[in-house]
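Accompanying notes for the structure given below.
The values are calculated or read from the model by the stated rules, or taken from the named source; none is laboratory data. Keep in mind that what you see is a predicted model, and the values were worked out from it rather than measured. Cβ atoms come from the backbone with ideal geometry, glycine included; neighbour counts cover every protein chain shown.
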């Protein structure tokens, strides 16, 4: 499990950086919730594919489509967590800056990441827990 956590962390850093970059690029033009959703959805396919191959060592096309469909369910959970945090931020600070939004989604993303690892390990990629 330690090796999986290390690989998962590496994938997470790459995907988080990509997601934050997409969010920051979109945010001046669109609503924070929409920017968050687009950023997370855009990076979710990459995240599932990288975790499938690198973290859980699953190769080949068997169950790939199913894995990605389940990965979309996991991303919806992440959207609820990060979107909820943005909602709370804007409830208390309607004039929040993009930097404050990025900090908020990053910090709430840590909880979403713990949920993602648990679901990937025990549900989506449970066939590879021995790796």
Looking only at region 17-43, which residues are under 14 Å from residue 83 (Cβ atoms) and assigned to a helix (DSSP H, G or I)? 19, 23, 32, 33, 34, 35, 36, 37, 38, 39, 40, 41
(1) exposed (fewer than 12 other Cβ atoms within 10 Å of the Cβ); (2) within 15 Å of the chain's Cα centre (by Cα): which one isn't true of residue 97, the others all being true? (2)
The lone condition residue 12 fails out of (1) more than 15 Å from the chain's Cα centre (by Cα); (2) in contact (Cβ under 8 Å) with a residue 60 or more places away in the chain is (1)
Check region 105-115 and report whether any residue there is within 22 Å of residue 2 (Cβ to Cβ) and free of Cβ contacts under 8 Å to residues at least 12 places away in the same chain. yes
Check region 71-86 and report whether any residue there is more than 16 Å from the chain's Cα centre (by Cα), surrounded by fewer than 17 Cβ atoms within 10 Å (Cβ to Cβ), assigned to a helix (DSSP H, G or I) and in contact (Cβ under 8 Å) with a residue 40 or more places away in the chain. no
Consider residue 67 against the criteria (1) in contact with a helix residue (DSSP H, G or I) (Cβ under 8 Å, 6 or more places away or on another chain); (2) surrounded by fewer than 15 Cβ atoms within 10 Å (Cβ to Cβ): it satisfies all of them except one. Which criterion is unmet? (2)
Select from region 87-101 the residues that are in contact with a helix residue (DSSP H, G or I) (Cβ under 9 Å, 6 or more places away or on another chain) and not in a helix (DSSP H, G or I) and write down the one among them that is nearest to residue 20 (Cα to Cα). 96
Could you please tell me which pairs satisfy a Cβ distance under 6 Å, a separation of 6+ or placement on different chains, a first residue in region 119-131 that is closer than 10 Å to residue 67 by Cα, and a second residue that is outside any helix (DSSP H, G or I) and at pLDDT 80 or above? 125/56
